[in-house]
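The values are calculated or read from the model by the stated rules, or taken from the named source; none is laboratory data. Nothing here was measured: the structure is a model prediction, and the numbers come from that model. Here the Cβ positions follow ideal geometry from the backbone for every residue, glycine too, while neighbour counts run over all protein chains shown. Areas reflect the complete protein model, heavy atoms only, side chains present, ligands, DNA and RNA absent. Shrake-Rupley method; radii C 1.70, N 1.55, O 1.52, S 1.80 Å.
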Amino acid sequence: MAKNESRRRLIADAGLTVLAREGSRGLTHRAVDEVAGVPTGTTSNYFRSREALVTGLVDRIGERLAPSDEDLARRGSAEPGVALFADYLRDIVRRLSEERDVTLALFELRLESSRRPEVAAVLGAWQRAGFEGDIAFNADAGLPGGRQELALFHYAIDGMLLDRLTTPLDPETSTDEIIDALVSGLLR
């Protein structure tokens, strides 16, 4: 019998909420059932093991953080250059900031991946695919910067988001100012 995809998304979203609020130790099938408001055992019907649950959460993170078709179309018709690249970064940071629980859950999974090889395998494959997608998008759009610059932007954005979503070092400086400084510093 085919599983209900909307219920699968509901459960995965609840799992992301549990991760963001309780950390990886709090991520249990029962905790996800409670947050999702579904009968006990429902999460394990959709995700039989913890590894399957983590894989489902990583997939859902990708769905929730994906750019909209409108954003992609707008960028596809814009003039390539540093300003477009900065706009692209702002959009990534906006999505990550607006989806606070998703981003915190992603950080939790990254921490857990340092202790659990099975999580590292799933998350690492997803991260590398996303990074390669960013490189391809950048090249196809004729944007400045190559593999090394994009890696540096990933490192910087991850650190900035961890800072902004937890205890900001400099809350007075806007995120846009930080992005502009990053772009001008790395794409001279």
From DSSP H assignment alone, runs of 4+ in the chain each adding -39500 (n - 2.57), the sum over residues rounded to the nearest 500 puts [θ] at 222 nm at -24000 deg cm²/dmol
In nm, to one decimal, how far is the modelled label at Ser114 from the one at Asp69, with both set 7 Å along Cα→Cβ? 4.1
So what are the ³J(HN,Hα) numbers for segment 103-119, from phi and the Karplus equation (6.51, -1.76, 1.60; θ = phi - 60°), rounded to whole Hz, Gly and Pro as x? 5, 5, 4, 4, 4, 4, 5, 5, 5, 5, 5, 6, 10, 10, x, 5, 6
Under 1.5 on a/c is rounded, so check that first for segment 121-188, then, if it is not, pick prolate when a/b is larger than b/c and oblate when it is not; a ≥ b ≥ c are the square roots of the alpha carbon gyration tensor eigenvalues. oblate
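If eta is 0.692 mPa s and T is 37 °C, what Stokes-Einstein diffusion coefficient results for segment 1-142, Kirkwood Rh from Cα pairs, in µm²/s?
Values: Rh = 16.3 Å.
Roughly 201 µm²/s, to the nearest whole number.
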Stretchable slack from Ser49 to Asp176, in nm (0.36 nm times residue separation minus alpha-carbon distance): 41.6 nm
Nearest 20 debye, what's the magnitude of the dipole of the chain about its Cα centre given +1 on Lys and Arg Cβ and -1 on Asp and Glu Cβ? 860
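With a 1.4 Å probe and every protein chain left in place, work out the accessible area per residue of the chain in Å², rounded to a whole number. Don't jump to the answer; show the numbers that get you there.
On the way: 10270 Å² over 188 residues.
With the other protein chains kept in place, the chain gives 55 Å² per residue.
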What residues have an amide H closer than 5 Å to that of Phe47, excluding those fewer than 5 places away on the same chain, when H is modeled at 1.01 Å from N in the peptide plane? none
Förster radius 30 Å - calculated FRET efficiency between Arg30 and Ala129, Cβ distance, rounded to 0.05: 0.45
Averaged over every viewing direction, what's the projected area of the C-alpha convex hull for segment 64-188? Give it in nm², one decimal, please. 8.0
Quick check for me: using +1 on Lys/Arg Cβ and -1 on Asp/Glu Cβ, what's the dipole size of segment 44-155 about its Cα centre, in debye to the nearest 20? 420
For Gln148 and Arg9, FRET efficiency with R0 = 35 Å and r from the beta-carbon atoms, rounded to 0.05? 0.45
